[in-house]
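Notes for the one structure printed next.
What follows draws every value from the coordinates through simple rules; no lab data is involved. Only a predicted model underlies this, so the values are computations on that prediction, with no experimental measurement involved. Backbone-built Cβ (ideal geometry, glycine too); neighbour counts: all protein chains shown.
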Amino acid sequence: MLGNEKELRPTNEAGMRIGIDLGGTKIEALAIDEQGEELIRHRVDTPRDDYKGTVDAMVGLVHLLEAKTGRTGSVGAGIPGSISEKTGLVKNANSTWLNGRPLDKDLSAALGREVRIANDANCLAVSEATDGAAAGKHVVFGVILGTGCGGGVAIDGRVHAGPNGTGGEWGHNPLPWPTDEENPGPLCYCGKRGCMEMWVSGTGLARDYQEITGQRRTAREVIAGFEAGETNAVRVVDRLEDRLARGFATIINSLDPDVFVLGGGLSLTQHLYESLPKRLPAYVFGGEADTPILQARFGDSSGVRGAAWLWPNTRQVPR
Ligand SMILES: [Zn+2]
């Protein structure tokens with residue numbers, strides 16, 4: 001079977017899945033078995049600004065994991081962007097050297113099998129919907145609250161990217177119900193003003209703190225200050241929570257997902273899970289909002305696991 005077989009294998013015949021998380025600084029790959037048990041993982045530095053080097057590194061990781069496990073696997077990759085339905089090329093990647101490149105086709109050709117690619121926030125949603133905090137839920141909205149802010153949708157454990165590839169991209173919706181001082185909001189790298197990402201992200205939290213105090217702090221330091229009861233940190237985290245609640249309310253009003261799952265550095269802030277459910281009803285149409293808001297079970301590994309689960313387990317019985 002192996003060796004001179006040239007056509008792309010569309011199925012997951014081996015039962016092993018390889019997921020690759022292509023980040024701005026690291027590329028992580030992991031192999032899981034059919035039950036989702038981790039077999040092996042490996043990470044390398046991202047060859048920044050080097051497209052061919054990035055493809056070679058991803059291919060090299062697959063070969064390494066297959067050599068070490070002695071098995072072949074299906075391959076999925078999460079990227080900080082998406083593949084345009086129109087052009088077949090990567091768009092919206094903040095790792096800009098990927099933009100305009102046919103990454104899925106180049107990986108598929110190099111590996112001799114179909115490689116699936118999805119946005120990293122969609123991978124979070126798929127991971128958590130498959131065997132994570134939102135296991136078995138019908139519609140899962142995944143949110144990454146890291147340096148920036150991303151979102152993704154999984155329906156029955158599958159990515160819902162939509163015909164424009166922008167399903168879940170709430171980070172570039174404007175902050176809803178802005179106060180006078182929030183209007184028009186900071187300029188976003190996407191060219192618009194007042195995007196959610198500018199407010200509800202590590203970067204946004206640090207900027208807000210600096211605006212109030214004149215002091216530069218990292219988001220992590222602000223959160224530590226909040227947990228210690230420091231007045232200004234409490235004030236900016238309170239604002240962050242209110243903005244998150246407003247943003248989540250518009251997602252409920254448009255999609256009404258069964259659950260929100262949060263990943264990224266800010267998702268470790270336990271106060272969010274007490275505070276957000278209490279704040280939602282004030283903003284959701286009709287005032288009813290019981291949507292669970294959960295922390296990602298697999299934390300930072302959700303992206304790479306979700307990439308692996310882009311090849312779902314078809315033998316799984318519906319829950
Ligand atoms: Zn934007």
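List of remarks:
- Taking the longest Cα principal axis of the chain as reference, the axis of helix 120-131 is set at about 80 degrees.
- Farthest toward positive dipole pole in the chain [+1 Lys/Arg, -1 Asp/Glu at C-beta], among His138, Gly303, Thr250: Gly303
- At full extension, Asp258 and Lys26 could sit 80.3 nm farther apart than now, given 0.36 nm per residue minus the alpha carbon distance.
- Simple rule: put +1 on each Lys or Arg Cβ and -1 on each Asp or Glu Cβ in the chain, find the dipole, and look at Ala121, Gly53, Thr213; the Cα lying farthest toward the positive end is Gly53.
- Taking a straight line from the alpha carbon of Lys278, these aspartates and glutamates sit under 12 Å away, with near neighbours fewer than eight places off in the same chain left out: Glu241, Asp242, Glu288, Asp290.
- Nonlocal amide H pairs with Leu39, under 5 Å, H built at 1.01 Å: Ala31, Ile32, Asp33
- Near-label residues of segment 114-136 by backbone N, under 16 Å of a point 7 Å along Cα→Cβ of Thr314: 114-116
- Förster-model FRET efficiency, 35 Å R0, Glu227 and Ala110, C-beta, rounded to 0.05: 0.15
- The slack in the chain from Arg220 to Asp156, taken as 0.36 nm per residue of separation less the alpha-carbon distance, amounts to 19.6 nm.
- Given +1 at the Cβ of Lys and Arg, -1 at the Cβ of Asp and Glu and no other charges, the dipole of the chain around its Cα centre is 520 debye to the nearest 20.
- Between Thr96 and His63, the simple spin-label model (points 7 angstrom out along Cα→Cβ) gives 3.1 nm.
- The length gained on full extension between Ile212 and Cys190, counted as 0.36 nm times the residue separation minus their Cα-Cα distance, comes to 5.4 nm.
- Between Thr87 and Gln270, the simple label model (points 7 Å from Cα in the Cβ direction) yields a spacing of 4.7 nm.
- Within the same chain, lysines fewer than 8 places from Lys192 are excluded, and of the rest, those with a Cα less than 24 Å from its Cα are Lys86, Lys91.
- As a rough guide to protection, the peptides 303-312, 128-137, 206-215 ranked by mean Cβ packing within 10 Å, highest first, stand as 303-312, 128-137, 206-215.
- Between the amide H of Arg158 and any residue lying 5 or more places away or on another chain, no distance stays under 5 Å, with hydrogens modeled in the peptide plane.
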